[in-house]
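Heads up: the structure comes next, in structure tokens.
The values are calculated or read from the model by the stated rules, or taken from the named source; none is laboratory data. Because the structure is predicted, anything quoted here is derived from the model rather than measured. In this analysis, Cβ positions are derived from the backbone assuming ideal geometry, glycine residues included, and neighbour counts consider all displayed protein chains. Keep in mind that these areas ignore ligands, DNA and RNA; they rest on the heavy atoms of the full protein, side chains included. Shrake-Rupley method; radii C 1.70, N 1.55, O 1.52, S 1.80 Å.
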Amino acid sequence: MAKIIDGKAISTQIKDELKEIVEKKKALGKQATLAVIQVGNDPASTVYVGNKKKACAYIGINSESYELPEETTQEELLALIDKLNADDKITGILCQLPVPKHIDEDTIIRRISPEKDVDGFHPMSVGALCIGEEGFVSCTPAGIMKLLEYSGIEVEGKECVVVGRSNIVGKPMALLLLRANGTVTVCHSRTCNLKDVCKRADILVVAVGKPKMIDDEYIKDGAVVIDVGIHRMDNGKLCGDVDYDKVVDKCSAITPVPGGVGPMTIAMLMYNCVNAIK
Ligand code: NDP
């Protein structure tokens with residue numbers, strides 16, 4: 001019987017731990033303030049931004065909202081980021097992605113000061129992760145490491161396979177598993193014999209963005225399966241990149257969708273915000 005990794009419970013535990021740290025820092029006169037920028041009113045982004053602000057309120061972090069109209073120019077957005085970078089009161093800055101098409105995402109990511117880059121997307125943050133230095137780590141893969149840790153799943157010496165190589169999930173995930181002394185393979189759309197490679201995995205992390213693509217034929221008996229994907233099906237229910245029902249009896253532990261990786265992303269954003277307090 002597979003252990004169902006309860007991301008909701010673990011994320012609540014982390015947020016409660018952070019709440020205590022924030023209280024202690026406040027007593028020392030130290031305070032975190034997250035600036036949350038949203039350009040346009042994409043409904044999904046509005047939900048994500050709302051959840052991030054709620055999490056801030058829960059753990060005692062100030063949040064300041066900057067809701068900019070869709071027509072905001074890149075120069076106007078960069079000017080706001082410059083202003084927030086220079087403001088000592090602001091300890092973290094996040095710009096909700098995606099931004100409208102006339103704005104270059106990379107330019108925005110690079111403009112946020114690495115010291116306030118609580119999303120962990122700046123090349124300096126990614127570079128620090130790559131060479132094992134301290135820095136902000138992308139929240140979803142950082143959350144997966146916490147899920148493994150809080151579930152007592154050892155990474156050292158394990159065969160770890162990551163399916164997906166995006167800058168925000170797959171690549172930092174591989175680096176974190178490597179840092180934890182896993183033996184790491186990264187797969188992508190040009191990987192040959194994907195099933196065979198996945199079947200080697202003691203720990204399989206799937207961030208492929210294809211609903212239920214990974215079924216029992218990709219899984220070694222007793223593997224730990226981490227499903228990053230999130231998709232809304234025609235019946236309105238959510239599913240992941242893993243075909244949960246086909247896989248659950250074959251693995252030793254698995255993250256459900258919803259309630260697995262998803263809640264950890266915001267918890268780790270809060271973790272980064274707390275670590276941003278000087
Ligand atoms: P991307 O679309 O950026 O990356 C997908 C990756 O999967 C790419 O590297 C791509 O390869 C690879 N891929 C695509 N098709 C195949 C295939 N047939 N075989 C092998 N590899 C393939 O996605 P993200 O990393 O941003 O997100 C992945 C999933 O995770 C999505 O479902 C997303 O919604 C979800 N997500 C969930 C979060 C959460 O908080 N729960 C946070 C972030 C993402 P190539 O590079 O060759 O194109």
What number of residues within region 140-154 are of a type outside the set (Gly, Ala, Ser), open to solvent by 10 Å² or more (accessible area, probe 1.4 Å) and in contact (Cβ under 8 Å) with a residue 24 or more places away in the chain? 5
Region 196-233, residues that are open to solvent by 10 Å² or more (accessible area, probe 1.4 Å), within 10 Å of the ligand (Cβ to nearest atom) and assigned to a helix (DSSP H, G or I): 197
Selection within region 1-49 - farther than 17 Å from residue 267 by Cα, within 20 Å of the chain's Cα centre (by Cα), among the hydrophobic types (A, V, I, L, M, F, W, C) and in a strand (DSSP E or B): 4, 37
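Give me a count of the residues in region 130-139 that are buried (at least 22 other Cβ atoms within 10 Å of the Cβ) and either under 14 Å from residue 174 (Cα atoms) or basic (Lys, Arg) (or both).
Of the residues in that region, 3 qualify.
Restricting to region 240-268, give me the number of residues that are more than 10 Å from the ligand (Cβ to nearest atom), buried (at least 19 other Cβ atoms within 10 Å of the Cβ) and not hydroxyl-bearing (Ser, Thr, Tyr). Reasoning before the result, please.
Of the residues in region 240-268, the ones more than 10 Å from the ligand (Cβ to nearest atom) are 242-254, 256, 259, 267.
Narrowing the set further to residues that are buried (at least 19 other Cβ atoms within 10 Å of the Cβ) leaves 242-244, 247, 251, 253-254, 256, 267.
From the residues that got through so far, the ones that are not hydroxyl-bearing (Ser, Thr, Tyr) too are 242-243, 247, 251, 253-254, 256, 267.
So the answer is 8.
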